[in-house]
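The next block holds one structure in the form of structure tokens; read it before the comments.
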Amino acid sequence: MTDPVRVVIVGGGTAGWMTASALARFLPGVADVRLIESEEIGIVGVGEATLPHLRAFLQRLGIDEAEMMRATNATFKLGIDFRDFGKIGERYVHPFGAYGVDLAGVGFHHYWLRAREEGLRHSIEDYSLPIMAARANRFAFPPADGDFLATSYGWAYQFDATRLAPMLRGYSEARGVVRTEGRVTGVERNGENGDVTQLVLESGKRVAGDLFIDCSGFRALLIGGAMDAAWEDWSRWLPCDRAAALPTQSMPGAIEPYTRATAMGAGWRWHIPLQHRVGNGYVFSSSFLSEDAACDAILGAVEGTPLVDPRVLRFRAGRRRESWVGNVVSIGLASGFLEPLESTSIHLAQMAVMRLIELFPERQIDPADRAAFNATVDYEYDRVRDFLILHYHATTRDDSDFWNHVRTMELPDSLAGKLELWRESGRIEQYGEGLFLEPSWIAVYLGQGMMPARHDPRADNPSTPVLAKALDDISRTIRERVDAMPDHEAAIRAHGAWGTA
Ligand code: FAD
């Protein structure tokens, strides 16, 4: 057996400890993992809303869901409730699940579009179990042996971002990951090929490695510093570059099993209910609003009592042209950032970690593996980028300079093509896997008032009364099933997932 690859991770935020946990779990004996982090620098401390894919990651690590939820004071999340995006006063939920039931291989939304042309007044939301459950503040796990409707949804978590990394640290250290406290102040490189050979800490200590993983957050110490990897800037499409974060006390009443995103004059604000408090923040563009004005706006908008003063975070939209350069792989904020409108950042880190494990190199890195990794990261980032831009473009809002700008900005060709396909035929570009499959695009298109010119002609098939009855049956079944679900907080408690605050 060859010697293990010496892996050095810089950074102990969510990305760093996710990476350490996965390497320790999936590559024991293959990777010898060390993580360096600086308590003095700390972690970004936001990142509370997630996507359902995180469940698979935690399951593969063997982490018990209820234990994780107790440790992070987590709640369940069935989707995102978008308010005032398409038009002020309107709202829709982007659910983690399907609409209705596909009939004869034709997407349900085509039948809904047809029925609407024939006078149906019901919103498409009435045919989504996760949306109706979210609106009723209820939650239940889909039954393992349920029918299509009963299993038509997934769930994610809303958790305290400062508590996940410590939990994963315990997991990693129990599996042999060695943590070193200290600030990295120097990087030594091989004079011939430019690879990083060792890191120098403030204390003078040196840490050598074969593969270095940059999880140093926005600082991007290795990938942006030593390796000087080019940055692809996307701020022309995603102009928000600041967030004023403000946690508040929970309000009495039901805990919502969804994240709220409410459009504001120069961006939008999040509302993420946890067990013990609510996370809030105003994501805005500094070209349209000052930091002070954003802090005032979020203080004025929140419902509960603030727990601290607003904290402004600065960022820019984009990604490294290459996330893996030489023997440095960047994961998390060091690799790129797309604003949190669809809670995608932790997922992008997860995707990168799992891809790295698939392509894990020997001491000598194969350039083909590096290229494959970079291609996957590019593809995933590009797709998320287009989906986010859609939320800003598909609007009739003209009440501020910000909304006038994003409504009329030029779109990337890749998104323009998707929009044309939808507008003409109600079709969604198909991909087999990854983020934002058909129901997600349908949610935003329809939720923000973008109707296609026609439905799929195959949906003309059942007669009007047959279709009307099928739709009635689906919405009635969904109502009955939601009525039978427990209240969200009761579901968390029954799962043994309620923390002690
Ligand atoms: P960080 O948490 O910043 O960790 C960086 C680590 O590097 C720290 O341990 C630090 O000490 C260490 N470090 C840095 N420099 C050095 C050095 N010189 N020496 C030693 N150590 C060093 N994501 C979601 O999925 N959902 C959300 O809802 C969401 N909301 C967000 C809202 C905002 C406003 C922002 C800015 C981000 C949000 N994110 C969200 C992103 C999410 O916070 C991050 O993806 C996640 O926390 C991972 O961060 P990280 O580990 O890459 O960086």
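Taking the conditions exactly as written (within 12 Å of the ligand (Cβ to nearest atom) and not in a loop (DSSP other than H, G, I, E, B)), does residue 300 satisfy them or not? I'd like the intermediate steps shown before the answer.
On the way: within 12 Å of the ligand (Cβ to nearest atom): no; not in a loop (DSSP other than H, G, I, E, B): yes.
Here the answer is no, as residue 300 does not meet what is asked.
Starting from residues that are open to solvent by 40 Å² or more (accessible area, probe 1.4 Å) and within 30 Å of residue 254 (Cα to Cα), keep the ones in the stretch 111-125 and report whichever is modelled with the lowest pLDDT.
Here the residue is 121.
Kindly establish whether residue 285 is hydroxyl-bearing (Ser, Thr, Tyr), more than 11 Å from the ligand (Cβ to nearest atom) and surrounded by 17 or more Cβ atoms within 10 Å (Cβ to Cβ). Spell out how you get there, then give the answer.
Numbers: hydroxyl-bearing (Ser, Thr, Tyr): yes; more than 11 Å from the ligand (Cβ to nearest atom): yes; surrounded by 17 or more Cβ atoms within 10 Å (Cβ to Cβ): yes.
Against the criterion (hydroxyl-bearing (Ser, Thr, Tyr), more than 11 Å from the ligand (Cβ to nearest atom) and surrounded by 17 or more Cβ atoms within 10 Å (Cβ to Cβ)), residue 285 qualifies.
When residues of the stretch 158-186 are filtered for being in contact with a strand residue (DSSP E or B) (Cβ under 6 Å, 6 or more places away or on another chain) and buried (at least 16 other Cβ atoms within 10 Å of the Cβ), how many remain?
Total satisfying the criteria: 6.
Residue 121 passes all but one of (1) part of a loop (DSSP other than H, G, I, E, B); (2) within 30 Å of residue 495 (Cβ to Cβ); (3) free of Cβ contacts under 8 Å to residues at least 60 places away in the same chain; which number fails?
(2)
What pairs can you find where one residue is in the stretch 354-371 and modelled with pLDDT of 95 or more, the other is among the small types (Gly, Ala, Ser) and surrounded by fewer than 18 Cβ atoms within 10 Å (Cβ to Cβ), and their Cβ atoms are less than 6 Å apart, with a gap of 6+ or different chains?
359/372
Residues are listed down the side, and each one gets a yes or a no for (1) surrounded by fewer than 23 Cβ atoms within 10 Å (Cβ to Cβ); (2) among the aromatic types (Phe, Trp, Tyr); (3) more than 9 Å from the ligand (Cβ to nearest atom):
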residue	(1), (2), (3)
333	no, no, no
347	yes, no, no
352	no, no, yes
356	no, no, yes
359	yes, no, yes
365	yes, no, yes
376	yes, no, yes
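Tell me the residue from 176, 146, 86 that is in contact (Cβ under 8 Å) with a residue 24 or more places away in the chain and not assigned by TED's automatic domain parsing to the domain that holds residue 64, please.
Only one candidate passes the filter, namely 86.
Out of all the residues in the stretch 251-262, which are crowded, with 23+ Cβ neighbours inside 10 Å and more than 11 Å from the ligand (Cβ to nearest atom)? If you could, list the steps in order and put the result at the bottom.
Quick first cut of the stretch 251-262, residues crowded, with 23+ Cβ neighbours inside 10 Å only: 257-259, 261.
Passing the criteria: 257, 258.
Go through the stretch 283-322 residue by residue and tally those that are in the same structural domain as residue 47 (by TED's automatic domain parsing) and of a type in the set (Ser, Thr, Tyr).
Selection size over the stretch 283-322: 0.
For the stretch 33-55, what are the residues that are more than 6 Å from the ligand (Cβ to nearest atom), more than 20 Å from the chain's Cα centre (by Cα) and surrounded by fewer than 24 Cβ atoms within 10 Å (Cβ to Cβ)?
Within the stretch 33-55, the first condition is being more than 6 Å from the ligand (Cβ to nearest atom), and the residues that meet it are 33-35, 39-40, 45, 51-55.
This time we only want the ones that are more than 20 Å from the chain's Cα centre (by Cα), so: 33-35, 39-40.
Once the filter is applied, which keeps residues that are more than 6 Å from the ligand (Cβ to nearest atom), more than 20 Å from the chain's Cα centre (by Cα) and surrounded by fewer than 24 Cβ atoms within 10 Å (Cβ to Cβ), the stretch 33-55 yields 34, 39, 40.
Condition first: closer than 17 Å to residue 53 by Cα, out of contact with any His (no Cβ under 8 Å at 6 or more places or on another chain) and free of Cβ contacts under 8 Å to residues at least 40 places away in the same chain. Can you find one or more residues in the stretch 331-344 that meet it?
Checked the stretch 331-344: no residue is closer than 17 Å to residue 53 by Cα, out of contact with any His (no Cβ under 8 Å at 6 or more places or on another chain) and free of Cβ contacts under 8 Å to residues at least 40 places away in the same chain.
Exactly one of these conditions fails for residue 223: (1) in a loop (DSSP other than H, G, I, E, B); (2) in contact with a Lys or Arg (Cβ under 8 Å, 6 or more places away or on another chain); (3) within 12 Å of the ligand (Cβ to nearest atom). Give me its number.
The failed condition is (1).
I need every pair where a residue in the stretch 39-66 that is at positive phi has its Cβ under 9 Å from the Cβ of a residue that is open to solvent by 40 Å² or more (accessible area, probe 1.4 Å) and within 11 Å of the ligand (Cβ to nearest atom), sequence separation at least 6 or different chains.
45/162; 45/311; 47/340
When the residues of the stretch 187-200 are filtered to those that are in contact (Cβ under 8 Å) with a residue 24 or more places away in the chain and farther than 17 Å from residue 365 by Cα, which remaining residue is least open to solvent (accessible area, probe 1.4 Å)? Steps first, answer last, please.
In the first step, residues of the stretch 187-200 are kept if they are in contact (Cβ under 8 Å) with a residue 24 or more places away in the chain; the result is 187, 189, 193-196, 199.
This time we only want the ones that are farther than 17 Å from residue 365 by Cα, so: 187, 199.
Details: 187: 52, 199: 0 Å².
This residue is 199.
Anything in the stretch 13-32 that is open to solvent by less than 10 Å² (accessible area, probe 1.4 Å) and touching a strand residue (DSSP E or B) at 6+ places or on another chain (Cβ under 8 Å)? List them, or say none. Outline the logic, then answer.
Let us first name the residues in the stretch 13-32 that are open to solvent by less than 10 Å² (accessible area, probe 1.4 Å), namely 16-23.
Correct list: 16, 17, 19, 20, 23.
Look through the stretch 143-155, keep the residues that are modelled with pLDDT of 95 or more and part of a loop (DSSP other than H, G, I, E, B), and return whichever of them is farthest from the chain's Cα centre (by Cα).
Our first condition is that a residue be modelled with pLDDT of 95 or more; within the stretch 143-155, this holds for 153-155.
Adding the requirement that they be part of a loop (DSSP other than H, G, I, E, B) leaves 154-155.
Working: 154: 14, 155: 13 Å.
Out of the qualifying residues, it is 154.
Can you work out which of the residues in the stretch 449-501 that are in a helix (DSSP H, G or I) and of a type in the set (Lys, Arg) is surrounded by the most Cβ atoms within 10 Å (Cβ to Cβ)?
Residues of the stretch 449-501 that are in a helix (DSSP H, G or I), as a first pass: 457-460, 464-483, 488-494.
Narrowing further to those that are of a type in the set (Lys, Arg): 458, 469, 476, 479, 481, 493.
Values: 458: 13, 469: 12, 476: 11, 479: 14, 481: 18, 493: 13.
Top of the filtered list is 481.
The values are calculated or read from the model by the stated rules, or taken from the named source; none is laboratory data. All values reported here derive from a predicted model rather than from experimental measurement. When we count neighbours, we look across all protein chains shown, and the Cβ atoms used for this are built from the backbone with ideal geometry, even at glycine. Accessible surface areas use protein heavy atoms only, side chains included; no ligands, DNA or RNA. Shrake-Rupley method; radii C 1.70, N 1.55, O 1.52, S 1.80 Å.
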